Amino acid sequence: MARRRHRLRRPRGTIESVAACAVAVAVLVLLVQAAEAGARAALRLWPVLAGMAVAAVLGAAAWWVRCQAADRRRTERLATLRLGLSGIDALDDQEFEYALRDLLVRDGWSARKVGQQGDQAADVIGRHPALGRIVLQAKHTKVGAKVASQVMYQVNGTAGPVHGADTAVVVTNGSFTRDAQAWGDRHGVHWVDRDRLRQWAEHGVALHDLLRLPARTPGRRPPGGPAPAHRIRQGGHRSAR
């Protein structure tokens, strides 16, 4: 059975009209009284409300100061960061990627770890005001293991077109096959093996000095895309040996 809708009807006759006006006036009076009561309460409580607002502002300021201090402490700590190869060997894959990120930050890059499933051959991405954008592919291996050329192919295929990189680097705590080294040198994919990792992480040589990365012209991009693969061919390893 359908429910009947109750609709308001217009007042009929003088008596109903007067009654409707009386109700409207009563509602209006109640609203005015409620507004006045709210205003009086606000006047009585304004010190409390003002105190709460000041406390919120001071709390936000204190939080911002703490964050800034924590960032400064982290920057100061990373400025003297040294990682021994024995400690690096004991890391897992994720920890190795975080370590590479921290080493980049130590060297003056703004860097973040991005490595995860489907990362398209990028574990750490960094930016530098003079050197542009860098992509690191981390290969944490057992000591004595070698990274093959296929990794170089993957990095070369995604560093520029996918990640907009000016520089692509493969880093391992092991070594590279001769073919991988030669292919990387030929196509501008930098490589950091165990010996170079020791210089970077343990001896404190900045990565861009170790690889002799050239300075970039800010805002200058080659035609055809943000940073195509051929851009990465600038500056190979031959001069870094």
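Solvent-accessible surface of segment 85-190, taken per residue with a 1.4 Å probe and all protein chains present: 41 Å². Summarising the amide proton neighbourhood of LEU83: residues at separation of 5 or more, or on other chains, whose placed amide H is nearer than 5 Å comprise GLU202. The residues packed around THR141, meaning those with a beta-carbon under 11 Å from its beta-carbon, carry a net charge of +1 if Lys and Arg are +1 and Asp and Glu are -1. Each residue of segment 139-156 was assigned a 3J(HN,Hα) from its phi angle through the Karplus curve 6.51 cos²θ - 1.76 cosθ + 1.60 (θ = phi - 60°); the sequence is 10, 7, 10, 5, 4, x, 6, 10, 8, 8, 5, 4, 4, 4, 4, 4, 5, 5 Hz, with glycine and proline shown as x.
Projecting the Cα positions of VAL151, ALA206, ILE134 onto the charge dipole of segment 111-210 (unit charges on Cβ atoms of Lys, Arg, Asp and Glu, taken about the Cα centre) puts VAL151 furthest along the positive direction.
In this structure, the amide hydrogen of VAL170, modeled 1.01 Å from its nitrogen in the peptide plane, lies closer than 5 angstrom to those of GLN137, HIS190, TRP191, VAL192, counting only residues at least 5 positions away or on a different chain. Where does the charge balance sit around VAL205 when Lys and Arg score +1, Asp and Glu -1, over other residues with C-beta under 13 Å from its C-beta? Summing Lys/Arg as +1 and Asp/Glu as -1 gives +1. Working note: Karplus 6.51/-1.76/1.60 with θ = phi - 60° gives segment 166-173 the couplings 8, 9, 10, 9, 10, 10, 9, 8 Hz, where Gly and Pro are set to x. Backbone phi angles across segment 183-196, fed through the Karplus curve with coefficients 6.51, -1.76 and 1.60 (θ = phi - 60°), yield HN-Hα couplings of 5, x, 4, 6, 10, x, 9, 5, 9, 10, 8, 4, 5, 5 Hz in residue order; Gly and Pro are listed as x.
The values are calculated or read from the model by the stated rules, or taken from the named source; none is laboratory data. Nothing here was measured: the structure is a model prediction, and the numbers come from that model. All Cβ positions, even for glycine, are placed from backbone atoms using ideal geometry, and neighbour counts span all protein chains on display. For accessibility, only protein heavy atoms count, side chains too; no ligands or nucleic acids. Shrake-Rupley method; radii C 1.70, N 1.55, O 1.52, S 1.80 Å.
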